[in-house]
Amino acid sequence: MLTSESSVLKILLVDDSASHRMVLAAELDAMGHDTVEADCAEDALRLYKLERPDIVLMDVEMPGHNGHWAAHQIRLSDPEAWTPIIFLSGLARDDDLAAGIDAGGDDYLFKPVSPVVLQAKLRAMQRLRALSQQLLTLTDQLRASNADLQELSLRDPLTGLTNRRGLDIRLDEELRAARREKLPLTVLLLDVDNFKLYNDTAGHLQGDDCLRRIGQLLAGTCRRPRDLAARFGGEEFVILLPGTSHSGAMLFAKALRRTVHQLALPHPAHGGERCVTISGGISTAVPDGNSTIESLLSRADAALYTAKSLGRDRFFCFETQTDTTTGVAEAANYDRDKGSSADLF
Ligand SMILES: [Mg+2]
């Protein structure tokens with residue numbers, strides 16, 4: 001990378017005339033630069049890719065492809081980078097100069113080239129290239145900062161889990177994927193039982209700590225690459241299980257409930273005699289054209305409500321009409337008013 005105008009340049013010198021090349025190479029050598037020589041457009045392209053020169057001095061008229069072609073190919077081969085290309089030509093018409101710039105060249109020198117003018121042009125190009133590289137470095141840094149910001153904007157600072165915004169993005173992606181692949185998608189909406197009481201008794205800082213512990217536990221249960229634990233808001237969390245059927249989701253929920261029991265976080269409202277528990281609603285569907293994020297979430301929310309009304313510390317699930325993966329009739333027939341305990345645990 002060029003850092004100052006005085007550094008040694010690696011210059012790709014392209015000219016079909018051996019004598020022209022010899023004279024120019026000697027001049028460049030006297031200026032302290034390194035030269036790589038090509039005698040045709042094809043070789044110029046090959047050596048450009050191989051040698052990664054700082055500047056290209058390109059003859060225009062050559063047998064076969066001309067210098068404009070070579071410049072165009074160089075630009076096509078390396079759209080991200082910018083390496084100055086200066087044309088050398090015996091042609092002195094305005095049209096030729098314009099054609100050279102159109103082909104991707106940056107400047108034009110007419111033969112015979114004056115060493116003083118050549119040196120001045122090289123310095124100017126060197127300065128521009130240094131600026132261009134600073135810009136590229138800044139662009140890279142900006143890109144990295146943006147990626148960090150994007151990552152931060154999708155993360156819940158308290159628990160470190162994906163936040164609501166990140167969840168919405170993933171839900172949308174997973175819903176589309178499940179629809180396309182005709183696979184079930186499971187959404188678990190869960191919350192910490194009696195959490196308001198927890199906060200009122202132990203204070204919000206301790207409450208935050210409880211949410212952090214539960215968040216860590218949920219993150220630990222998501223072992224497959226596409227499983228996701230997210231903080232939905234307050235003491236509510238969502239677990240997304242792509243490719244998971246109704247029965248698989250029930251097994252997962254049972255294991256999750258057991259793990260929370262094993263964590264044995266004392267609930268301050270009961271003098272430490274009871275532990276923190278969670279309740280959840282499960283919504284599983286093979287999404288069709290009518291399925292939406294809202295319908296999945298509201299189905300899970302209704303199931304969570306039922307789990308709560310049945311006494312908490314449990315997960316509840318009833319089938320959606322689009323769920324084709326199981327035939328758990330009891331769950332589908334669950335009557336909230338009558339309080340059937342079908343499909344509960
Ligand atoms: Mg020529």
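Listed values, structure above:
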| item | result |
| --- | --- |
| Signed unit charges on C-beta, dipole axis of the chain, positive-most listed residue Ala124, Gly67, His261 | His261 |
| For segment 164-332: relative contact order, % (alpha-carbon pairs under 8 angstrom, 6 or more apart) | 29 percent |
| Of the GluC sites (Glu not before Pro) in segment 225-283, those whose Cβ has at most 15 other Cβ within 10 Å and which sit in DSSP loop | Glu273 |
| Reachable lysines, given that their alpha-carbon falls under 22 Å from the alpha-carbon of Lys49 and they are not under 8 places away in the same chain | Lys10 |
| Helix 246-263 axis, angle to the chain major axis (alpha carbon atoms, nearest 10°) | 80 degrees |
| Inverse mean reciprocal Cα-Cα distance (Kirkwood Rh) of segment 65-157, Å | 15.9 Å |
| Net charge of Cβ neighbours under 12 Å - reference Gln206; Lys, Arg +1; Asp, Glu -1 | -1 |
| On Cα atoms only, tilt of 164-181 relative to the major axis of the chain in degrees | 90 degrees |
| Under 13 Å, Cβ to Cβ, from Asp227 - net charge with Lys/Arg +1 and Asp/Glu -1 | +3 |
| In degrees, nearest ten, helix 115-153 long axis to first principal axis of the chain (Cα) | 0 degrees |
| Under 17 Å from the Leu152 label point (7 Å along Cα→beta-carbon), backbone N, segment 200-223 | none |
| Furthest towards positive pole of dipole, Thr186, Leu310, Leu24, structure part the chain, Cβ charges | Leu310 |
| Gain on full stretching of the segment that runs from Asp34 to Arg223 - 0.36 nm per residue minus C-alpha separation | 62.5 nm |
| For the chain, alpha-carbon Rg and Dmax in angstrom | 34.2, 101 |
| Expected 222 nm ellipticity per residue - DSSP helices of 4 or more, -39500 (n - 2.57), all of the chain, to 500 | -16000 deg cm²/dmol |
| Length released on extending from Arg258 to Glu294, taking residue separation times 0.36 nm less the Cα-Cα span | 10.1 nm |
| Distance (nanometres) between label positions extended 7 Å along Cα→Cβ at Leu109 and Arg123 | 1.4 nm |
| Average Cα contact separation per residue, the chain, under 8 Å, 6 or more apart, as relative contact order % | 12 percent |
| nm² value of the averaged projected area, convex hull over the Cα atoms of segment 164-332 | 9.3 nm² |
| Dipole magnitude (debye, nearest 20) for the chain, charges at Cβ of Lys, Arg, Asp, Glu | 1760 debye |
| Lys/Arg +1, Asp/Glu -1 at C-beta; the chain dipole; positive extreme among Leu211, Ala38, Gly160 | Leu211 |
| Given the chain, longest segment not containing exposed loop trypsin sites (Lys or Arg not before Pro) (DSSP; at most 12 other Cβ within 10 Å) | 224-337 |
| Charge tally in the Cβ shell below 10 Å around Ser17, where Lys, Arg are +1 and Asp, Glu are -1, Ser17 excluded | -3 |
| Dipole moment magnitude, nearest 20 debye, segment 148-277 about Cα centre, only Lys, Arg, Asp, Glu C-beta charged | 560 debye |
| Gain upon complete extension [Arg180, Ala26; 0.36 nm per residue less C-alpha separation] | 48.9 nm |
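Taken together, the values in this text are just the output of simple stated rules run on the coordinates, not laboratory data. This one's a predicted model, so the numbers in the text were calculated from it and none came from an experiment. Because the Cβ atoms are built from the backbone with ideal geometry, glycine has one as well, and the counts that use them run over all protein chains shown.
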